[in-house]
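Data first, discussion second: the structure below is written as structure tokens.
The values are calculated or read from the model by the stated rules, or taken from the named source; none is laboratory data. This is a predicted model, so every value here is computed, not measured. Cβ placement follows ideal geometry from the backbone for every residue including glycine, while neighbour counts extend to all protein chains displayed. Just so you know, the surface numbers come from the protein's heavy atoms only, side chains and all, with ligands and any DNA or RNA stripped out. Shrake-Rupley method; radii C 1.70, N 1.55, O 1.52, S 1.80 Å.
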Amino acid sequence: MTSSDASGTPNTLATARLALRELPPAAIRSVLAGRPGTGDRWAEGYPSGETLGALLRVSRMLLADAYRPGFGLYQIALRGDGIVGDVVFHTAPDDSGSVEIGYAVVEPHRGRGIATEAVRALAAWALEQPGVTAVRAETEPGNPASRRVLHKAGFRDAGAGGGMLHHVLTRVS
């Protein structure tokens, strides 16, 4: 895996089937306008409503000067099929070293382990970063598929609150 360098080059993570490419802040506007980046191909259904919501969240971090390179939105590129979803940090790591993620894969590509592979890769990268001790995620109680993604990626249940189920993956010392 690679990470953002001092020049601000976006982070790219590679797995067996996927490339997770951090969307540079300057490219947010084009995705919101429905225009793929140069050389990008979007799968049917991308960007999803979840993607657009995540981009708005990253935009708010940028406006609040709370964005930290590496901790934005990553497009999930499936070899041969283009961009099929994304995985996103909801915020940069907080003072306790915790960061929250979310993820979405477009309907035609669900049920193939793509979200699990992407979540596993991004969480592993995050836990390698200085000061990051935990990666959190939450799911709706009525979404067992999302819970399965997190469990397969190594997250454990961490209770419930606010109508959501909470999950966490911590750094192994």
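Could you state the orientation-averaged shadow area of the convex hull built on the Cα atoms of the chain, in nm² to one decimal?
Working: hull surface 40.7 nm².
Its Cα hull, projected and averaged over all orientations, spans 10.2 nm².
For the range 1-125, with all protein chains present and a 1.4 Å probe, just round the carbon and sulfur fraction of the accessible area to a whole percent. Don't skip to the end; give the middle numbers.
Numbers: 3120 of 5890 Å².
Exposed carbon and sulfur together represent 53 percent of the surface.
For the chain, give the share of DSSP beta bridges that are antiparallel, in percent and rounded to the nearest 5; count only bridges with both residues there. Please list the in-between numbers first.
Values: 29 of 33 bridges.
Percentage antiparallel, nearest 5: 90.
Which value, in Å², gives the accessible area per residue of the chain when a 1.4 Å probe is used on the protein heavy atoms?
Working: 8650 Å² over 173 residues.
That works out to 50 Å² per residue.
Roughly how much of residue 116 is accessible, in Å² to the nearest 10, using a 1.4 Å probe?
Counting only protein heavy atoms, residue 116 exposes about 20 Å² to solvent.
Please report, in debye to the nearest 20, how large the charge dipole of the range 98-173 is about its Cα centre when each Lys and Arg carries +1 at its beta carbon and each Asp and Glu carries -1 there.
Numbers: 9 positive and 7 negative charges, 48 e Å.
The calculated dipole for the range 98-173 is roughly 220 debye.
Treat each spin label as a single point 7 Å out from the Cα along the C-beta direction, and report the residue 94 to residue 60 distance in nm.
Here the answer is 1.4 nm between the modelled labels.
Suppose a student asked you for the relative contact order of the chain, using Cα pairs under 8 Å spaced at least 6 residues apart; what percent would you report?
Details: 304 pairs, mean separation 30.0, N = 173.
For the chain, the relative contact order is 17 percent.
First compute the accessible area of the range 126-173 with a 1.4 Å probe, then give the percent of it belonging to carbon and sulfur atoms.
On the way: 1460 of 2760 Å².
On the range 126-173, the fraction of accessible area on carbon and sulfur atoms equals 53 percent.
Could you please state, rounded to a whole Å, how far the C-alpha centre of the range 17-66 is from the C-alpha centre of the range 75-108?
10
With the contact rule set at Cα under 8 Å and sequence spacing of 6 or more, what percent relative contact order holds for the range 46-116? Let's see the in-between values first.
Values: 94 pairs, mean separation 19.7, N = 71.
Relative contact order comes out at 28 percent.
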